Structures are given as C-alpha cells and as structure tokens.
C-alpha cells in the first residue's frame, strides 16, 4: 500500500502529462472516482490549475512539476 493511500484512506494514482489534454482528463476522472491524484508534468502553472479544478470538485490533488524524460 502506498503512503498516500495509508494517510488518505483512498487509492492513489500518479498521472504523467497531467497539465493538459488526455493526462488532465484522466486525472480528473480518477479523482472523481475517489483517487488521490499526483499530477506530474513540466508546466507548473497548468498543473496548479488542474489541481485546483480537482480540489474544487472535492478531490485530492498534488501538482508536481517534473520532467520525466
């Protein structure tokens, strides 16, 4: 079990490319289904917007500006 799941009591997911497009949509769907979501991407401002949108909907999101390439 992940540390996030242990502290939040819900499943956790890491979504790469979450700052826009398909990645942002997947993150939103996972959050809507009860997952705590770590949002990973290179564009910090966009990640923060996606995270705020998820939080506004009652979800848990952590934006992480990283380059996984």
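Throughout, read-outs are computed from the coordinates displayed, never taken from laboratory work. For clarity, every value in this text was computed on a predicted model and none was experimentally measured. Neighbour counts are summed over all protein chains in view; Cβ atoms, including those assigned to glycine, are modelled from backbone coordinates with ideal geometry.
When 43, 33 are ordered from fewest to most other Cβ atoms inside 10 Å of their Cβ, what list results?
Numbers: 43 14, 33 11.
If I rank by nearby Cβ atoms, fewest first, I get 33, 43.
State the extension gain, in nm to one decimal, for the chain segment bounded by residue 43 and residue 29, taking 0.36 nm per residue of separation less the distance between their alpha-carbons. Could you put the intermediate results ahead of the total?
On the way: separation 14, 0.36 × 14 = 5.04 nm, distance 2.03 nm.
Gain in length upon complete extension: 3.0 nm.
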Where does helix 44-56 land angle-wise versus the long Cα axis of the chain, in degrees 0 to 90, nearest 10?
40
Distance between modelled label sites at residue 52 and residue 65, nm, 7 Å Cα→Cβ extension:
1.4
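Per DSSP H run of n ≥ 4, the term is -39500 (n - 2.57); total these for the chain, divide by its residue number, and report the mean residue ellipticity at 222 nm rounded to 500 deg cm²/dmol. Present the calculation step by step, with values, prior to reporting the outcome.
On the way: 3 runs with 31 residues, N = 69.
Computed mean residue ellipticity for the chain: -13500 deg cm²/dmol.
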Folded to 0 to 90 degrees: helix 21-32 orientation relative to the chain principal axis, Cα:
20
For segment 3-65, what log10 I(q)/I(0) values come out of the Debye formula at q = 0.12, 0.13, 0.14 1/Å, with one point per alpha carbon and no solvent?
-0.22, -0.26, -0.30
